[in-house]
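One structure is given here, and the rest of the page talks about it.
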Amino acid sequence: MNRPPNILFLMSDQQRWDALGCVNPLVQTPNLDGLAQRGICFSQAVCNVPMCVASRYSMMLGLYGSQGGFHHNTQIAPDDSSLPLPVLPQRLNDLGYQTAGFGKTHWYLGSRMKSGIRIQPTRRGFEVRAMAKGADSEEDEPGALIMGEADPEAWEIYKKETAPFGPGQENVHGYTGCTSALDADRHPEGWLTRQALSFLDKQRDNSRPFFLYLSFNFPHAGFNLPPGYEDLYRIEDIPDRPLPPWLAYPDDHDRANRLTHAWKNAWEGETTGSTQELVRFGILAEQWLRKTPLVRRRTTLRYYAACSYIDDQFGRVLRKLEELGELENTLVLFTADHGDMLGDRLHRFSKYCLYEGSVRVPLILAGRGVPQDKIGSVDGRPAELVDVLPTLLAAAGGEIDARLPGRSLLGPPCRIGSFTELHGSGYELTQRAPAYMWRTSEWKLILFLPGDLPGAMAHVDQVRGELYHLAEDPHEWNNLYENPAYLKKRDEMTRQLLMHLACAWAAYPGQVMRARLG
């Protein structure tokens, strides 16, 4: 019987497109590099909403954030009835797949949610589930194996190590990082990998193909690395981030960058006083850390070391499939939910913007179903994360909903540019007015309205923009939007963006969830 392929979905969190050895030889990711050699590397892939929760909803629904109703990180579906469409694991389960999910889905926000909204976590199509969470977390899904219950000692060590990293582990201390007291196997990523290996060994239903989803928190900050991974790199080999020719941020689409003041104007010494920084979950007191170039380079080193660590874990699963004789019958997809600015553009960190480090993601497809003549190729099409769902559904023999904006990555290219949207992070008091990106391999256009969404329609005449010639200005330092010599290119990109949005929204108009936050 010619049954559909197994599907292995490998996902990292906040991994830049260039944090792979096959793109940047400085980064040591031999397992993912080998996957690219056996498949297709999509070199121009972008996320559709540059932040964790909204990006994952977009990918798993196959809808743009503005279509699904998930514009930013504090908009969620607290129960399944609030979803506009079935999510990917549910669709595959309905097609007869045994579905197993290990790690981060970010469906819910737990205690960070506004009071008065009742959460009803479900597995959303996963039959088998393991989560790197604490015992009695508000996000724990029914019947899931929870790390805090299975290995409470390791979980307490992890929580103690990451407590100084602040909410989301993205303050200055989180990006500075440390060496963990937990070895690679007891760290959350190692624990999740062991659960995935156990599933393959002991819980497989061999009468059905499987969908195995393995999703890690690394290389998202904070960087508490298991011992040994920092030793893979020499600090002397890590360059400092390139600095723009201007001394302050231009007046761009994302002026609220909470880490800027902690990192710029670097000099020797750790602290010079104290200040308050705007962080995602409110105003937190932070030391005013003036980091030296050496310390900044160590942040990059630890980010790369986190990429090497998760590459090792992914490699364990790939080798297990080979050992079981399942690898050649498995379609493997690897990607990340978004990138990290990692100090680009004058010490900007995290995401929440439409620049390259934030929106571009690695995307590799390998294994069964990849045409022989595509093996080892680099595909420069304008791929988007909304293409993930139709790609995997097509491989599984499912029907593709023509209303969705994505198409199978194993089919012909379906668009001439790629689209990303930004509506603030959701941690602001009110939702930000929208910003939209239209990108090709050579050019990028960003259109935005300053200020908040309420009342924005009254000043649409104040639309502003950024235009970058990526082929000549890959760091996006020279905004050509107001340059008369580039008005024709600006108008061409604007027309393409508007018509792309018009077609997408006409096919599937934006939804309003029955229960929503933000």
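Give me the pairs: first residue in segment 406-421 and within 16 Å of L63 (Cβ to Cβ), second residue polar (S, T, N, Q) and part of a loop (DSSP other than H, G, I, E, B), beta-carbon distance under 8 Å, and six or more apart or on different chains, which are they?
S418/Q44; S418/T440; F419/N48; T420/N48; E421/N48
Given the conditions (1) under 18 Å from S55 (Cβ atoms); (2) in a loop (DSSP other than H, G, I, E, B), report the number of the one that P509 does not fulfil.
Among (1) under 18 Å from S55 (Cβ atoms); (2) in a loop (DSSP other than H, G, I, E, B), P509 violates only (1).
Suppose we filter segment 381-405 for residues that are over 15 Å from R360 (Cβ atoms) and over 17 Å from the mean Cα position of the chain (by Cα); how many remain?
Adding up the residues that qualify gives 16.
State the number of residues belonging to segment 470-509 that are without any contact (Cβ under 8 Å) to a residue 40 or more places away in the chain and of a type in the set (S, T, Y).
2
For the condition part of a loop (DSSP other than H, G, I, E, B) and under 25 Å from Q90 (Cβ atoms), what is the one hit in A394, A402?
Only one candidate passes the filter, namely A402.
State yes or no: is G367 at pLDDT 95 or above, crowded, with 22+ Cβ neighbours inside 10 Å and more than 21 Å from the chain's Cα centre (by Cα)?
So G367 fits the description; yes.
Quick one: Q372 ticks every box in (1) closer than 23 Å to P30 by Cα; (2) touching a residue at least 12 places away in the same chain (Cβ under 8 Å) bar one, so which box is it?
Answer for Q372: the failing condition is (2).
Got a number for residues in segment 52-97 being aliphatic (A, V, I, L, M) and assigned to a helix (DSSP H, G or I)?
Residues that pass the stated criteria total 7.
Any idea which of L95, L109 is within 20 Å of the chain's Cα centre (by Cα) and of a type in the set (A, V, I, L, M)?
L109
State whether one or more residues within segment 442-453 are in contact with a helix residue (DSSP H, G or I) (Cβ under 7 Å, 6 or more places away or on another chain), farther than 30 Å from G168 by Cβ and touching a residue at least 60 places away in the same chain (Cβ under 8 Å).
Checked against the condition, which is being in contact with a helix residue (DSSP H, G or I) (Cβ under 7 Å, 6 or more places away or on another chain), farther than 30 Å from G168 by Cβ and touching a residue at least 60 places away in the same chain (Cβ under 8 Å), segment 442-453 yields no hits at all.
Residue by residue through segment 117-160, note down the ones that are in contact with a Ser or Thr (Cβ under 6 Å, 6 or more places away or on another chain) and modelled with pLDDT of 95 or more.
Hits for segment 117-160 are G125, F126, E127.
Is it the case, given these coordinates, that T430 is hydroxyl-bearing (S, T, Y) and either at pLDDT below 95 or not in a strand (DSSP E or B) (or both)?
When the stated conditions are applied, T430 passes them.
Take segment 304-353 and flag every residue that is part of a strand (DSSP E or B) and of a type in the set (V, I, T).
T330, V332, T335
The values are calculated or read from the model by the stated rules, or taken from the named source; none is laboratory data. Since we're looking at a predicted model, the values are computed, not measured. With ideal geometry, Cβ positions are generated from the backbone for all residues, glycine too; neighbour counts draw on all protein chains shown.
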